[in-house]
Amino acid sequence: MNTPDGHPIALPPVMLSEADRDRLYAIAISALTNCRMASSASNVLREISRAKIVPDDELPKNVVAVNSHVDVRDNVTGTTRQVVLVMPDETSKQPNAVSVLSPLGAALIGLSEGHSVEWCSAIGEPCSVTVLRSTASCKIASPC
């Protein structure tokens, strides 16, 4: 992957739980048939293909997973915000939700605290974020 001026974009390592891999793969494959979502689905599939996959109970707490609360810094504007990484059908269920099929969501999948990722928007603008903090969502099936 290259920037518009031909420089390579270095991608940080990513890690996924087996359950997230399976859920992300299913949602990305189904989104490939939607012209508006095909590019985002391809981004998610790329992240899955390069990820280190670990058993669900071995995913470190500081790695961004589905339903993680993530503090991110926009490295272009210098602003910070908290987002929750969710599946596409869950974006309206909580504030600050970011779909895994959005450019930001696909970029965050599997990143660890302190890692940054860069990409270019559809119109060629540089985008860059750093994960400042990632907190796993507490669920009955997987307590924190």
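With N residues in the chain, what two-decimal value do you get for its Cα radius of gyration over 2.2 N^0.38 Å?
Numbers: Rg = 14.5 Å, N = 144, 2.2 N^0.38 = 14.5 Å.
Rg over 2.2 N^0.38 Å, computed on Cα atoms: 0.99.
Per-residue HN-Hα couplings for the range 77-84, Karplus 6.51 cos²θ - 1.76 cosθ + 1.60 at θ = phi - 60°, whole Hz, x for Gly and Pro?
Per-residue couplings from phi come out as 9, x, 7, 10, 7, 10, 10, 10 Hz.
Tell me which residues come under 5 Å, amide H to amide H, from Val14 once H is placed; ignore anything under 5 positions away on its chain.
Lys52
With a 1.4 Å probe and every protein chain left in place, work out the accessible area per residue of the chain in Å², rounded to a whole number.
Details: 7960 Å² over 144 residues.
Using a 1.4 Å probe on heavy atoms only, each residue of the chain averages 55 Å².
Label points 7 Å out from Cα along the Cβ direction at Glu125 and Arg81: separation in nm?
For Glu125 paired with Arg81, the spin-label model returns 1.2 nm.
Each residue of the range 114-129 in turn: what ³J(HN,Hα) in whole Hz from Karplus with 6.51, -1.76, 1.60 and θ = phi - 60°, glycine and Pro shown as x?
Taking θ as phi minus 60°, the curve returns x, 7, 10, 9, 10, 7, 10, 5, 4, 9, x, 6, x, 10, 7, 10 Hz for the range 114-129.
The values are calculated or read from the model by the stated rules, or taken from the named source; none is laboratory data. Fair warning: this is a prediction, and the values are worked out from it, not measured in the lab. Don't worry about glycine lacking a Cβ; one is built from the backbone with ideal geometry, like all the others, and counts go over all protein chains shown. Just the protein is used for accessible areas: all its heavy atoms, side chains included, with ligands, DNA and RNA removed. Shrake-Rupley method; radii C 1.70, N 1.55, O 1.52, S 1.80 Å.
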